[in-house]
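Sharing a structure below in structure tokens format, with a few things to ask.
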Amino acid sequence: MMRIVVCVKAVPASTEVRMDPVTHTIVRDGGSAVVNPFDAAALEVALRIKEERAARGLDSRVSVLSMGIPATEELLRDCIARGADEALLLSDRAFAGADTLATSYALSCGLRELGGFDLIICGKMAVDGDTAQIGPMLAGLFDVLCITDVRDTLVSDTFLSSPGRIRARHGVDGGIETVEAPLPAVITVAKDIAQPRMPSIAGVLAARDAEVSVLGAAEVDADAARIGLSGSPTQVVRSFVPERVGEVELIEGTVAEQARRVAELIGEAGR
């Protein structure tokens, strides 16, 4: 049995978001949330690996793991409808306000609750935070190798026959590189690595009755000093929506006069 865990984050479905004035983090009320597009691609990669192994008569289990508000459970059910075998949601007020380090630690507790892993697949980044840190941090917490920005998974015979090694093409400065890593490992994938499938009717019916485990901090034995806002070494000091001015000035005169006025406007903008 190969254990594949996909980390999923709920992100706002709209660019119109509200910020908490105290924690300076996004207010997540679950009203219009979707699965982070990069994570949706990660799930599709996991399901394709599962199918390739199944074609050889080999078993795989795809688990989906998330941390968020209770409403995130519905998004995890959608992942089950698409083919995931199980889902675990970490939901507790104690997790609120976490930065990427505190989030990674909480997810590591959830991974242990799932019974470990052979391969963790994360989206390269989340569209609401754009840090691209969760995958590498999880790899660090478990002391395994991490391949970031994977554009294509080149599963080898050893990968398909047993938890051996994974080969992948990933983005680097100036091009694409092919690398290989022993399992267990973590990979983070680009959004265009795969087009997520639509859930089937049978999948939707199965997801409706599936049990999504929802556990709090105490239930996963998380250290209170390492989770949430108090366990986050980085803090958002200030957040704001930039003011946009729609004024237009028509510059007339000779070429020299126009040039002087443009220089003045550039100088004013820099102050």
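Tell me which strands (runs of 3 or more DSSP E) are completely within the stretch 53-172 and hold 1 or more residues being over 26 Å from Pro12 (Cβ atoms), in contact (Cβ under 8 Å) with a residue 24 or more places away in the chain and among the small types (Gly, Ala, Ser), or say none if there are none.
Ranges flagged: 60-67.
For the stretch 138-168, which residues satisfy the criterion of being polar (S, T, N, Q) and modelled with pLDDT of 90 or more?
Thr148
If you don't mind, there's one more thing I want to ask. Would you confirm, using the coordinates I've provided, whether Gly231 is among the small types (Gly, Ala, Ser), under 30 Å from Asp85 (Cβ atoms) and under 22 Å from the mean Cα position of the chain (by Cα)?
No: the conditions fail for Gly231.
Just give me the residues in the stretch 234-245 being among the aliphatic types (A, V, I, L, M) and surrounded by 12 or more Cβ atoms within 10 Å (Cβ to Cβ), in sequence order.
Val236
Kindly check whether there is at least one residue in the stretch 194-217 that is at pLDDT below 90, among the hydroxyl-bearing types (Ser, Thr, Tyr) and within 23 Å of the chain's Cα centre (by Cα).
no
Please pick out the residue among Ile49, Ile121 that is β-branched (Val, Ile, Thr), modelled with pLDDT under 95 and touching a strand residue (DSSP E or B) at 6+ places or on another chain (Cβ under 7 Å).
Within the list Ile49, Ile121, the selection yields Ile49.
Can you tell me which residue is surrounded by the fewest Cβ atoms within 10 Å (Cβ to Cβ) among those in the stretch 59-76 that are more than 17 Å from the chain's Cα centre (by Cα) and closer than 17 Å to Val5 by Cα?
Asp59
Still on this model: Could you say which residue among Gly135, Gly129 is within 25 Å of Ala33 (Cβ to Cβ) and modelled with pLDDT of 90 or more?
Going through Gly135, Gly129 in turn, the sole match is Gly135.
In this structure, is Gly253 over 30 Å from Ser66 (Cβ atoms), within 40 Å of the chain's Cα centre (by Cα) and not β-branched (Val, Ile, Thr)?
no
Next question, about the same structure. Anything in the stretch 213-233 that is aliphatic (A, V, I, L, M), touching a strand residue (DSSP E or B) at 6+ places or on another chain (Cβ under 8 Å) and surrounded by fewer than 19 Cβ atoms within 10 Å (Cβ to Cβ)? List them, or say none.
Val214, Leu215
Within the stretch 208-237, work out how many residues are under 16 Å from Ala98 (Cα atoms) and either acidic (Asp, Glu) or outside any helix (DSSP H, G or I) (or both).
15
The values are calculated or read from the model by the stated rules, or taken from the named source; none is laboratory data. Just so it is clear, the structure is predicted and the values come from calculations on it, not from any experiment. Cβ atoms come from the backbone with ideal geometry, glycine included; neighbour counts cover every protein chain shown.
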